[in-house]
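Step one of this worksheet: look at the structure below.
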Amino acid sequence: MSERISASLVVQSQRFALVVSRFNEFIGSRLLAGAVDTLKRHGARDDQITEVCVPGAWELPLAAKALAESGKYAAVIALGCVIRGQTPHFEYVAAEAAKGLAQVAMQTGVPVAFGVLTTDTLEQAIERAGSKSGNKGADAALSAIEMTGVLSAIRTMK
Ligand code: INI
């Protein structure tokens, strides 16, 4: 008989850290609201949620690493928004944020959900931050909940 592991989406005692970029705060605050709402709808209480603000998406990986290494959190949820139209160094900021966050998860074993929008325009970002294309902060929070359950099931497997 095959074994199948699939996690419940109910938050129990696990704690979550949200790290959010202040650059493009108009978008970031909406991603944060979506993520917190999702955590709470799935059972998290206020005392299980920590929010940390950083200047920009570039700074997300370092703060995520410190949070992951603290041992206090079952998952880190990284939120931010990089808009191509605003800067010629879009590629660097977006790529380093993505690469850095992936490295944090791989180095620490703590899941890091990627809720960083990388868009061509502000309009596209608005669409993904709570309007017609949903809320990517909420999606990232749901992934974080699922991954805490998956990892806990794998780590306690007999
Ligand atoms: N940071 C973002 O989060 N989004 C952006 O679109 C952005 N742009 O356009 O430059 C941005 N830049 C700031 C960067 O993340 C750092 O905070 C800054 O370079 C200081 O290290």
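For the reader, a short list of remarks on this structure follows.
- Filter pass, A17 being small (G, A, S) and in a strand (DSSP E or B): yes
- Looking across region 103-158 at every residue that is among the β-branched types (V, I, T) and part of a strand (DSSP E or B), the one that is surrounded by the most Cβ atoms within 10 Å (Cβ to Cβ) is identified as V112.
- When region 28-55 is limited to residues that are open to solvent by 10 Å² or more (accessible area, probe 1.4 Å), within 16 Å of the ligand (Cβ to nearest atom) and closer than 22 Å to Q124 by Cβ, the one that is nearest to the chain's Cα centre (by Cα) turns out to be L32.
- Looking across region 68-99, the residues that are open to solvent by 10 Å² or more (accessible area, probe 1.4 Å), of a type in the set (G, A, S) and assigned to a helix (DSSP H, G or I) come down to G85, A94, A95, A98.
- Output for region 5-27, where each listed residue is more than 16 Å from the ligand (Cβ to nearest atom), open to solvent by less than 30 Å² (accessible area, probe 1.4 Å) and either at pLDDT below 95 or within 12 Å of the chain's Cα centre (by Cα) (or both): A7, F16, A17
- Every condition in (1) more than 15 Å from the ligand (Cβ to nearest atom); (2) under 18 Å from A141 (Cβ atoms); (3) in contact with a strand residue (DSSP E or B) (Cβ under 9 Å, 6 or more places away or on another chain); (4) of a type outside the set (A, V, I, L, M, F, W, C) is met by G80 except one, and the failing one is (1).
The values are calculated or read from the model by the stated rules, or taken from the named source; none is laboratory data. Everything numeric here is computed off the predicted structure, so don't read it as measured data. Positions of Cβ are backbone-derived with ideal geometry, glycine not excepted, and every protein chain shown enters the neighbour counts. SASA here: full protein model, heavy atoms, side chains in, ligands and nucleic acids out. Shrake-Rupley method; radii C 1.70, N 1.55, O 1.52, S 1.80 Å.
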